[in-house]
Amino acid sequence: MHEPRKIKIFDTTLRDGEQAPGLNLNVDEKLEIALQLEKLGVDYIEAGFPISSTGDFEAVRTIAGAVKNCAVVGLCRALPGDIDRAWEALRDAAHPRIHIFIASSDLHMEYKLNMTREQVLEAARTSVRHAATLCKDVQFSAEDATRSDPAFLGQLFAAAIEAGATTLCIADTVGYSMPEELAGLIVYLRNTVPGIENVQLAIHCHNDMGLAVANSLSAIQAGCTQIDVTINGLGERAGNTPLEELVMALYVRKSYLPTETNICHKQIYRTCSLVSSICNIPLPPNKPIVGANAFRHESGIHQHGVMKNPLTYEIISPETVGVKRNGIVLGKHSGRHAFEERLLEMGITLSGEKLENAFRRFKELADKKQYVLDRDIEALANEKMTAI
Ligand code: KIV
Ligand code: ZN
């Protein structure tokens with residue numbers, strides 16, 4: 001049996017995730033999510049795109065100052081002004097990373113960048129070289145890499161390595177790739193790009209055809225060790241690889257694909273419901289891992305099986321991801337003591353006015369619903385107290 005390979009989780013909820021249509025997070029909301037991501041154990045938090053707005057700059061700067069146990073990342077185009085602005089936001093971070101991207105497909109180079117291949121190569125070289133004088137951790141991403149000429153992509157990656165990039169990322173920007181095809185591209189790059197064995201290789205998948213998790217798993221099998229994800233799969237169009245699904249697939253199928261991550265699985269449900277509540281984007285009931293039905297068994301045959309042995313129909317126990325079995329906790333006859341107990345069991349500490357307000361909202365809710373579920377309590381605890 002092989003030693004498990006360490007897989008680094010790069011969370012981009014606060015950057016690519018925030019590009020989900022209609023989503024706009026303020027600095028306080030971003031900080032609250034970042035602190036929960038730190039508890040969850042992600043390795044990298046991409047906190048924003050500092051040159052894009054003052055709000056994004058402030059968010060990256062605030063998170064860089066507050067988060068100690070994960071690297072904090074700021075996105076830039078391959079332009080000196082973007083890189084300087086990102087560094088200004090990141091410089092106080094315990095572990096800063098500058099992330100530079102430029103498109104590598106002929107389609108994007110012609111219609112979006114209006115640049116030739118030679119110009120893109122030069123922009124990559126000079127921008128990575130500049131970033132490397134500021135920060136020792138520099139990620140270079142090729143946008144639309146999966147629709148690029150593989151030979152040109154290889155040349156671009158070789159230039160970025162020579163200029164000082166420490167991580168290279170293959171972006172499946174429009175979710176175009178098929179799992180085996182993506183693995184083939186990664187193997188080709190690993191076999192042909194000089195120096196690639198000395199850098200971290202990352203994959204960034206979008207979910208346009210529902211293949212983001214499958215593509216990310218395939219990329220891991222082909223040698224990628226950093227996986228870009230977002231909580232609840234938030235992101236442009238159909239979103240990005242959902243952290244909770246990818247991490248749990250790795251955990252459940254560890255014997256098939258021996259890997260390990262730094263994720264604290266018990267924090268998964270908490271993180272997903274916090275992000276859902278702050279972003280005001282409800283989780284679909286059939287959402288894998290964290291949807292309301294993910295651990296419910298409706299048919300009599302299934303219920304009977306699960307009562308005899310949960311393994312019959314459950315490949316993950318709800319407790320593993322921080323969900324209490326059956327989820328039914330309290331109703332309108334429950335008192336303050338039971339409410340407080342349940343909060344504590346769920347790892348939520350509220351006191352004083354916040355506790356009073358949450359309890360009052362709980363009672364109002366219990367009057368309208370037969371049962372108040374864990375996910376309702378989670379939402380109550382996460383509600384902005386001013387709104388209560
Ligand atoms: O999807 C994409 O190409 C991106 C890049 C900025 C890495 O998000
Ligand atoms: Zn993306």
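Any read-out appearing in this document is the output of simple, stated calculations on the displayed coordinates, not a laboratory observation. The shown structure was predicted, so the numbers you read here are calculated from the model rather than taken from an experiment. Cβ atoms come from the backbone with ideal geometry, glycine included; neighbour counts cover every protein chain shown.
Any chance the stretch 129-140 includes a residue that's touching a His at 6+ places or on another chain (Cβ under 9 Å) and closer than 20 Å to T230 by Cβ?
yes
Could you list, in sequence order, the residues of the stretch 233-245 that are surrounded by 22 or more Cβ atoms within 10 Å (Cβ to Cβ) and in contact (Cβ under 8 Å) with a residue 60 or more places away in the chain?
Correct list: L234, G235, N240, L243, E244.
Confirm whether N191 is in contact with a Leu (Cβ under 6 Å, 6 or more places away or on another chain), of a type in the set (S, T, N, Q) and not in a loop (DSSP other than H, G, I, E, B).
Answer is no for this residue.
So for the stretch 302-311 (the condition being charged (D, E, K, R), within 19 Å of V252 (Cα to Cα) and without any contact (Cβ under 8 Å) to a residue 40 or more places away in the chain), does at least one residue qualify? Quick ask: steps written out before the conclusion?
The initial filter retains those residues of the stretch 302-311 that are charged (D, E, K, R), namely 308.
Imposing the further condition that a residue be within 19 Å of V252 (Cα to Cα) reduces the set to none.
Checked against the condition, which is being charged (D, E, K, R), within 19 Å of V252 (Cα to Cα) and without any contact (Cβ under 8 Å) to a residue 40 or more places away in the chain, the stretch 302-311 yields no hits at all.
For the stretch 167-174, state whether one or more residues are without any contact (Cβ under 8 Å) to a residue 12 or more places away in the chain and in contact with a Leu (Cβ under 9 Å, 6 or more places away or on another chain).
No; the residues of the stretch 167-174 include none that is without any contact (Cβ under 8 Å) to a residue 12 or more places away in the chain and in contact with a Leu (Cβ under 9 Å, 6 or more places away or on another chain).
Looking only at the stretch 108-142, count how many residues are touching a helix residue (DSSP H, G or I) at 6+ places or on another chain (Cβ under 7 Å) and within 16 Å of ligand 2 (Cβ to nearest atom).
2
Looking only at the stretch 172-193, filter to residues that are among the aliphatic types (A, V, I, L, M) and within 16 Å of ligand 2 (Cβ to nearest atom); which one of those is nearest to the chain's Cα centre (by Cα)?
Pass one, the stretch 172-193, residues among the aliphatic types (A, V, I, L, M): 174, 178, 182-183, 185-187, 189, 193.
Subsequent filtering for residues that are within 16 Å of ligand 2 (Cβ to nearest atom) retains 174, 182.
Working: V174: 17, L182: 20 Å.
My answer is V174.
Within the stretch 1-99, which helices (runs of 4 or more DSSP H) (wholly inside it) include 2 or more residues that are within 16 Å of ligand 1 (Cβ to nearest atom) and over 21 Å from C279 (Cα atoms)?
The helices (runs of 4 or more DSSP H) meeting that bar are 80-90.
Take the residues in the stretch 1-55 that are within 16 Å of ligand 2 (Cβ to nearest atom) and farther than 28 Å from T261 by Cα; name whichever of them is surrounded by the fewest Cβ atoms within 10 Å (Cβ to Cβ).
P21
Residues A219, A158, A163, A214: which one is buried (at least 18 other Cβ atoms within 10 Å of the Cβ) and within 16 Å of ligand 2 (Cβ to nearest atom)?
A219
What is the number of the single condition among (1) part of a helix (DSSP H, G or I); (2) of a type outside the set (S, T, N, Q); (3) closer than 23 Å to E46 by Cβ; (4) under 23 Å from the mean Cα position of the chain (by Cα) that H130 does not meet?
So H130 meets the others, but not (4).
Tell me which of these R77 doesn't satisfy, since it passes every other one: (1) basic (K, R); (2) surrounded by fewer than 21 Cβ atoms within 10 Å (Cβ to Cβ); (3) within 29 Å of V252 (Cα to Cα).
Looking at each condition in turn, R77 falls short on (3).
Check the stretch 222-230 and report whether any residue there is away from ligand 2 (no atom under 16 Å from the Cβ) and on the phi < 0 side of the Ramachandran plot.
Yes.
Can you pull out every residue in the stretch 194-209 that is more than 16 Å from ligand 2 (Cβ to nearest atom) and either more than 22 Å from F152 (Cα to Cα) or in a loop (DSSP other than H, G, I, E, B) (or both)?
Within the stretch 194-209, P194, G195, V199 qualify.
Any residue that is buried (at least 19 other Cβ atoms within 10 Å of the Cβ), more than 26 Å from E3 (Cβ to Cβ) and more than 16 Å from ligand 1 (Cβ to nearest atom) - is there at least one of those in the stretch 257-270?
The answer is yes, given that some residue of the stretch 257-270 is buried (at least 19 other Cβ atoms within 10 Å of the Cβ), more than 26 Å from E3 (Cβ to Cβ) and more than 16 Å from ligand 1 (Cβ to nearest atom).
Among the residues of the stretch 176-205, count how many are closer than 19 Å to I7 by Cα and of a type outside the set (A, V, I, L, M).
7
Taking the stretch 157-214 as the region of interest, how many residues are more than 14 Å from ligand 1 (Cβ to nearest atom), in contact with a strand residue (DSSP E or B) (Cβ under 6 Å, 6 or more places away or on another chain) and of a type in the set (S, T, Y)?
Result for the stretch 157-214: 1.
Here are D137, D149: which of them is away from ligand 1 (no atom under 12 Å from the Cβ), surrounded by fewer than 22 Cβ atoms within 10 Å (Cβ to Cβ), among the charged types (D, E, K, R) and within 23 Å of G17 (Cβ to Cβ)?
Matching residue, one of D137, D149: D137.
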